[in-house]
1. Looking only at region 28-40, count how many residues are buried (at least 16 other Cβ atoms within 10 Å of the Cβ) and under 17 Å from the mean Cα position of the chain (by Cα).
2. Check every one of the strands (runs of 3 or more DSSP E) wholly within region 18-65 and list those with 1 or more residues that are touching a strand residue (DSSP E or B) at 6+ places or on another chain (Cβ under 7 Å), more than 15 Å from residue 151 (Cβ to Cβ) and hydroxyl-bearing (Ser, Thr, Tyr).
3. Considering only region 109-146, state which residues are free of Cβ contacts under 8 Å to residues at least 60 places away in the same chain and among the charged types (D, E, K, R).
4. Do we have residue 153 as under 19 Å from residue 9 (Cα atoms) and open to solvent by 60 Å² or more (accessible area, probe 1.4 Å) here?
5. What are the residues in region 106-135 that are of a type outside the set (A, V, I, L, M, F, W, C), open to solvent by less than 70 Å² (accessible area, probe 1.4 Å), at pLDDT 95 or above and outside any strand (DSSP E or B), if any?
6. For the subset of region 2-19 comprising residues that are buried (at least 18 other Cβ atoms within 10 Å of the Cβ) and in contact with an Asp or Glu (Cβ under 9 Å, 6 or more places away or on another chain), which member is modelled with the lowest pLDDT?
Amino acid sequence: MSSPALTALDAAGLPYRVIRHGPVRSLAEAAAARGVAVPDVVKTIVVRRGEDHHLFVLTPGDRVVSWPKLRQLLGVSRMSMPDAGAAKAATGYERGTITPFGSTTAWPVVADERLRGREITLGAGEHGVAVAVDADAALEALDATVADVTDPEPAR
């Protein structure tokens, strides 16, 4: 399998493991299918910072973006999440497959500090496929800004 995501990982010299797990309906299902804990399923969130300016926010699977923390880090008062079509136009990927690796534009990356020191799984650019990578190496390759930008997932 070749994809923009895998090509970008290869170009960055990052070792990775491809995980083909097929369709999943929840984060818990994705974690089970990937054989990892929920926090190791990293969500890649596309955030619109301004007109034709986006960024990626990487969050552990058991956490959500803290908008106040993210706004403070970036020194902005307003951000939004693009709809599915705008996210695809900005990244080249459909929702559920988005990864900063191989995006059509190399948008800045902000990663939650809780990703450090672990092996994480990320989308690989197509549904039902993920990659497992060393978080520290991936964050370095992405030149990510690493900070506390999440809150615990609300209880349901």
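1. Residues of region 28-40 that are buried (at least 16 other Cβ atoms within 10 Å of the Cβ), as a first pass: 30-31, 33-34, 36, 38-40.
Filter again for under 17 Å from the mean Cα position of the chain (by Cα), leaving 30-31, 34, 36, 38-40.
Residues in region 28-40 being buried (at least 16 other Cβ atoms within 10 Å of the Cβ) and under 17 Å from the mean Cα position of the chain (by Cα): 7 in total.
2. Details: elements: 43-50, 53-59, 63-65.
Counting at least 1 such residues, we get 43-50.
3. 112, 113, 116, 136, 140, 143 - these are the residues of region 109-146 that are free of Cβ contacts under 8 Å to residues at least 60 places away in the same chain and among the charged types (D, E, K, R).
4. Values: under 19 Å from residue 9 (Cα atoms): no; open to solvent by 60 Å² or more (accessible area, probe 1.4 Å): yes.
No; evaluated as a whole, the condition is false for this residue.
5. Taking region 106-135 as the starting set, the residues that turn out to be of a type outside the set (A, V, I, L, M, F, W, C) are 108, 112-114, 116-119, 121, 123, 125-128, 134.
Subset that is open to solvent by less than 70 Å² (accessible area, probe 1.4 Å): 108, 112, 117, 121, 123, 125, 128.
The next check asks that each one be at pLDDT 95 or above; those that pass are 108, 112, 117, 121.
Passing the criteria: 108, 117.
6. 3
To keep it simple, each residue is scored yes or no on (1) out of contact with any helix residue (DSSP H, G or I) (no Cβ under 9 Å at 6 or more places or on another chain); (2) closer than 15 Å to residue 45 by Cα.
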site	(1), (2)
79	no, yes
87	yes, yes
90	yes, yes
98	no, yes
101	no, yes
118	no, no
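The values are calculated or read from the model by the stated rules, or taken from the named source; none is laboratory data. This one's a predicted model, so the numbers in the text were calculated from it and none came from an experiment. So basically every Cβ, Gly included, is an ideal-geometry build from the backbone, and we count neighbours across all protein chains shown. For the accessible areas, the whole protein counts, side chains as well, though only heavy atoms, and no ligand, DNA or RNA atoms are used. Shrake-Rupley method; radii C 1.70, N 1.55, O 1.52, S 1.80 Å.
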